Structures are given as C-alpha cells and as structure tokens.
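Novice: Sending over a structure as structure tokens; questions will come in a sec.
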Amino acid sequence: MVDVAHAFSEDINAAQQPLQSGGDSDVTADIQLEDVKQCSEKRPGTNGSRKTKKRSLWSYLHKEVRRGYQLEEQRYEKRRAKFYAFFRIPRELERFVCYGFLQCADAFLSVLTLLPVRFALAAGLLGARLVGRRRLQPAESCDLLKGLVLLGTWLLAAQVDTSMLYHIVKSQSVIKLYIFFNMLEVADKLFSSFGQDILDALLWTATEPEPRRARRRLGLLAHLMLALAYVLLHCLLVMLQATTLSVAINSQNKALLTIMMSNNFVELKGMVFKKFAKNNLFQMACSDVRERFHYVVLLLVVIVQTMREYSWRQEQFWSLLGDCVLVLVAEVLVDWVKHAFVTRFNAISWQVYREYLTSLAYDLASSKLHMAPSDHGDLVSRRLGFTPLPLAALVLRVMAWPPCSVRLALLTYVCLCSFKVLLNLVLLSRACSLVEQHRQSLLEDSPEKHSQRPKSPE
C-alpha cells in the first residue's frame with residue numbers, strides 16, 4: 001500500500017515556496033502557510049516513537065468526495081461586481097449614444113431648417129452693408145459661407161444619375177461589392193475626421209482679425225473652393241454607400257447583406273483585445289454615435305429611393321423595413337459586446353459613460369451662451385466627428401429632386417422646423433439637468449472645485 005499521507009505531505013511542502021512567492025491575483029489562490037499546515041500530516045521521522053499511518057485508497061477517495069471548502073468573501077464579491085458591471089455597460093452606453101444621436105439629429109436638422117433662413121438673412125445684409133462699406137458679423141459670414149457650400153453641393157450632386165449608378169453597382173459581383181463597401185466605409189471615416197478641419201479653416205479665414213490675415217497662405221476664395229470640393233466628394237461617397245446598401249437590401253439573394261452585416265462582427269476582433277484608456281474609449285464611443293446616425297440616414301435614403309421606384313406600395317415598405325431593422329440591430333449588438341469587453345479587459349468602470357454624457361451636456365450648454373465660442377453644429381462635429389453638410393446635401397438631392405409641389409415642400413419644412421425646436425428644447429433641458437447634477441456632486445466632494453467640468457479629448 002502506497003503511503004498516501006506521506007506523499008500528500010511532501011507535495012504540499014514542496015508547493016509552499018512557489019505559492020508564497022505570489023502570482024496573478026485572478027488565477028492563483030492566496031494560500032496561507034497555516035492553511036497548508038492544517039491540510040498536511042506530520043512527517044514521519046520527526047519523532048522516533050511515532051509510526052507512519054497508512055491510509056487506504058477508499059479513505060483517499062472518501063476525503064476527496066466529502067472535502068469541504070469556503071469561498072473567499074472579498075475575492076468573490078469583486079468577481080460578482082465585475083459580472084454585474086458587464087451587463088450594466090449596454091444600458092449606460094445606450095444613454096450616452098441616445099443623447100449623442102439626438103445631438104447629431106439636432107445639428108443635422110439645423111442645416112436643413114435654420115441654415116437656409118440664416119443664409120437668406122446674411123445674403124440680404126451683405127448687399128446692404130456693401131453699400132455702407134461695413135463688414136458682416138462673424139456669425140453672418142459663417143452662415144453665408146455654409147449656405148454657399150451646401151447650395152453648390154446640392155446643385156452639383158443633382159447632376160448625378162442615381163438610376164444609372166444603381167445599375168452599374170448592381171451588375172458587379174458580390175465580392176467586388178463587399179470590398180467596395182468596405183473601402184467606402186474607410187474613406188467615409190477619413191473624410192469625417194479631416195473634413196471639419198477644412199470647414200473650420202474656411203470659417204476662420206473669413207472671420208479672422210485684420211492683423212492676422214498676413215499669416216494665411218490661401219485666400220478666402222481658395223478655401224471656399226476646397227471646402228466645396230470636400231463636401232461634394234463626401235456627398236458622392238455617401239451616395240455610393242447608399243446605392244451599395246440599396247443593392248444589398250433589394251437583391252433577391254441576401255448574401256451581400258449578410259456579408260455586410262458580418263463585417264460588423266469582424267470589427268470586434270480589431271477592437272476588443274486592444275489596450276484602451278478613458279480618452280480612447282471616449283473617441284470610440286463618439287465614433288459609434290456618428291456611425292449609428294450615419295446608418296440611419298443611409299437607410300432612410302434607401303427606403304425613399306426604393307419606395308419611389310415601387311410607386312409607394314405598402315408591401316414593399318414592410319419588406320424594406322425588416323431588412324433595415326436587421327442592419328441596425330446588428331450594429332447595436334456589436335456595439336454592446338465591443339464596449340462590454342473593452343471595459344472589462346481594461347478595468348474601466350461603467351460610470352465613465354456618465355462622464356462622457358456630462359461632457360456632451362457641457363458642450364450644448366456652452367453653445368447657447370450669448371457670445372458662444374462656436375456654433376452647436378460645429379461643436380458636435382468636433383466632438384463626435386459628425387459633419388452634417390454632406391448628409392444634408394444628399395438628403396436634399398434625394399428628397400427635393402425632381403421638384404415637388406410647393407405646398408408639400410412648405411408643409412415638410414414646417415414639420416421639420418417644429419420637430420427641430422422641440423428636440424432642441426428637450427436636449428437643452430437634459431443638458432441643464434446634467435450640468436447641475438455634476439456641479440452638485442463637485443460641491444459635495446470638494447467645494448473649491450465647483451466650477452470645473454469633466455475633461456474629455458478634443
């Protein structure tokens with residue numbers, strides 16, 4: 001019979017040295033020396049009067065089956081908290097995404113509703129002030145330039161035959177379309193990250209003080225042409241995206257749509273296992289907000305174009321709606337999984353999304369000051385990476401070309417204005433509430449920091 005107790009005691013004493021040297025707190029248990037001694041028997045030979053006590057195999061198996069243990073409270077409490085936080089991430093993420101989505105919608109509707117009015121007023125004031133040799137105010141100059149860029153992009157994009165473009169895209173193979181759509185996505189992200197700098201350069205060139213004008217290398221007209229070229233190219237790129245998505249949805253073979261949706265899950269491979277800090281996570285969350293709003297506008301364009309071809313038949317609408325909802329659901333699920341694992345692997349608390357939400361609230365509140373540093377749409381563009389001018393030009397191209405009846409156009413404009421005002425009031429109310437909560441929390445923590453705002457990357 002093998003001396004089971006003696007072998008077990010030798011193994012535990014040999015294992016004491018590496019266990020006491022430490023290790024990964026999440027993998028190796030912290031076994032105290034006293035606990036090991038309680039499990040081990042006395043070595044034979046330490047006392048000459050004692051003999052080795054032999055145990056049978058049945059006794060060993062009985063102890064293995066009936067052996068008890070007690071879970072470490074602190075360690076398992078932390079594990080359970082991590083488990084609960086993992087499932088809380090989607091809810092906190094959706095709060096941030098919904099607020100950012102509504103801010104994107106507000107900036108987008110501002111281009112479609114307020115910008116035409118402000119452009120008309122600025123154009124009228126321009127003629128009156130040219131007679132008196134007075135310059136326009138900075139805000140009026142910005143509105144005039146934005147209106148010119150939007151109007152020029154709309155007129156040039158209207159020359160593109162979308163029907164011919166649709167048939168050219170449809171004649172390509174599935175693999176070509178998949179590669180083409182991925183290239184368009186990458187180009188759209190690059191355009192979005194760089195395009196706002198072009199527009200900011202145009203606006204600053206038009207409004208900078210006289211002493212600093214000698215420092216600029218390009219004139220106002222050159223900046224205007226560059227901005228017009230950028231917005232036009234971005235608008236055409238988004239038009240190609242909408243056309244490719246329309247081909248995938250309207251095709252009898254859903255292979256392309258399935259491949260395009262699976263492309264979202266490939267994104268997890270490149271994001272989940274990277275090291276993220278809070279600033280990087282904020283940038284990724286803002287990119288997800290912009291991407292989700294971008295997809296909603298694209299799907300809206302696809303529905304309008306398809307329903308126009310099918311004479312607005314109700315059966316076709318419900319068929320389109322199912323595929324569009326499927327695309328959005330896949331996008332939302334991927335965002336949930338991505339953020340849940342990124343925060344888990346990088347030990348980031350779910351409360352960070354509340355800080356991000358408060359940062360967006362401060363942006364909106366600061367844009368409503370009497371002398372705001374920038375327009376709210378420009379702040380949204382810089383913070384979330386969303387540039388509304390290309391999307392607005394595309395929507396105008398799809399919705400208002402060829403010309404519809406004047407009554408319908410006016411009714412649509414009034415409805416959009418009403419919705420925009422209501423949306424802005426809701427967002428401003430929520431922003432004031434978040435700012436007040438943040439200041440109250442700072443007063444409770446340290447009264448001398450009540451004027452600080454949460455830091456976030458530009």
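The values are calculated or read from the model by the stated rules, or taken from the named source; none is laboratory data. These figures come from a predicted structure and were not determined experimentally. Don't worry about glycine lacking a Cβ; one is built from the backbone with ideal geometry, like all the others, and counts go over all protein chains shown.
Novice: Only residues that are out of contact with any helix residue (DSSP H, G or I) (no Cβ under 6 Å at 6 or more places or on another chain), among the β-branched types (Val, Ile, Thr) and at pLDDT below 90: list them for the range 395-449, please.
Specialist: The answer is Val406, Thr412.
Novice: If you check Val169, Val160, which single one turns out to be over 20 Å from the mean Cα position of the chain (by Cα), aliphatic (A, V, I, L, M) and not in a helix (DSSP H, G or I)?
Specialist: Val160 is the lone residue from the list that is over 20 Å from the mean Cα position of the chain (by Cα), aliphatic (A, V, I, L, M) and not in a helix (DSSP H, G or I).
Novice: Assuming Ser311 fulfils every condition listed in (1) modelled with pLDDT of 85 or more; (2) more than 30 Å from Leu114 (Cβ to Cβ); (3) loosely packed, with under 13 Cβ neighbours inside 10 Å apart from one, which condition is it?
Specialist: Every listed condition holds for Ser311 apart from (1).
Novice: Please enumerate the residues belonging to the range 134-149 that are of a type outside the set (A, V, I, L, M, F, W, C) and either more than 16 Å from Gly124 (Cβ to Cβ) or crowded, with 22+ Cβ neighbours inside 10 Å (or both).
Specialist: Pro138, Asp143, Lys146
Conditions (1) touching a residue at least 60 places away in the same chain (Cβ under 8 Å); (2) surrounded by 15 or more Cβ atoms within 10 Å (Cβ to Cβ); (3) not in a helix (DSSP H, G or I), marked per residue:
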| position | (1), (2), (3) |
| --- | --- |
| Leu232 | yes, yes, no |
| Val238 | yes, yes, no |
| Ala242 | yes, yes, no |
| Ile249 | yes, yes, no |
| Ser262 | no, no, no |
| Phe265 | yes, no, no |
| Lys269 | no, no, no |
| Phe273 | yes, no, yes |
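Novice: On the basis of being on the phi < 0 side of the Ramachandran plot, in a helix (DSSP H, G or I), out of contact with any helix residue (DSSP H, G or I) (no Cβ under 7 Å at 6 or more places or on another chain) and modelled with pLDDT of 90 or more, does Ala105 make the cut?
Specialist: no
Novice: Taking interchain pairs and intrachain pairs at least six residues apart, which have beta carbon atoms under 8 angstrom, with the first residue in the range 317-345 and among the small types (Gly, Ala, Ser) and the second modelled with pLDDT of 90 or more and part of a helix (DSSP H, G or I)?
Specialist: Qualifying pairs under 8 Å: Ala340/Ile89; Ala340/Pro90.
Matching residues to (1) surrounded by 14 or more Cβ atoms within 10 Å (Cβ to Cβ); (2) modelled with pLDDT of 90 or more; (3) under 24 Å from the mean Cα position of the chain (by Cα):
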position	(1), (2), (3)
Leu156	yes, yes, no
Lys176	no, no, no
Gly195	yes, no, yes
Ile198	yes, yes, yes
Pro209	no, no, no
